[in-house]
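The values are calculated or read from the model by the stated rules, or taken from the named source; none is laboratory data. Only a predicted model underlies this, so the values are computations on that prediction, with no experimental measurement involved. Reconstructed Cβ throughout: ideal geometry from the backbone, glycine too, with neighbour counts over all protein chains shown. Please note that ligands, DNA and RNA were not included when accessible areas were found on the heavy atoms of the full protein model with its side chains. Shrake-Rupley method; radii C 1.70, N 1.55, O 1.52, S 1.80 Å.
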Amino acid sequence: CSSDLVNQESALETAERIIALLSMAYADCQVSVSASVGVALYPECGDTLKTLTAAADQAMYLAKQSGKQRVVLAPPRAS
């Protein structure tokens, strides 16, 4: 298993756990929270804060378009 695959799987698992935690009831209060998460990995999706943030932002909007409670991994940047 390559380290890139491990990092990608870890990032996606972490995003899924965040979404699950946000969906839980807190202090016996019913609150409706949903999250859409975009994940951008370094250096595949960018090598600066600006490019990584832009890639994650684009992935987040794709996640929102595909429905609630979604995680989308940004594609690698073009060389």
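Rank-order 64-73, 45-54 by packing density, defined as the average count of other C-beta atoms within 10 Å over each peptide's residues, highest first. Mind showing how you got there, number by number?
Values: 64-73: 16.0, 45-54: 14.4.
Top to bottom by mean Cβ count within 10 Å: 64-73, 45-54.
Calculated accessible area for the chain comes out at 72 Å² per residue, all protein chains present (probe 1.4 Å; ligands, DNA, RNA ignored).
Could you work out what % of the accessible surface of the chain is carbon and sulfur, using a 1.4 angstrom probe and leaving DNA, RNA and ligands out of the count? Display every interim value, and only then the final one.
On the way: 3290 of 5700 Å².
Result for the chain: 58 percent of the exposed heavy-atom area is carbon or sulfur.
Can you compute the helix-only [θ] at 222 nm over the chain? Use -39500 (n - 2.57) per DSSP H run of at least 4 residues, normalise by all residues, nearest 500 deg cm²/dmol. All intermediate terms of the calculation are to be shown ahead of the outcome.
Numbers: 2 runs with 38 residues, N = 79.
Taking each H run of at least 4 residues, the total per residue is -16500 deg cm²/dmol.
How big is the dipole moment of region 1-78 about its Cα centre under a simple scheme where the beta carbon of each Lys and Arg is +1, that of each Asp and Glu is -1, and everything else is neutral? Debye, nearest 20, please. Present the calculation step by step, with values, prior to reporting the outcome.
Details: 6 positive and 8 negative charges, 60 e Å.
That gives a dipole near 280 debye.
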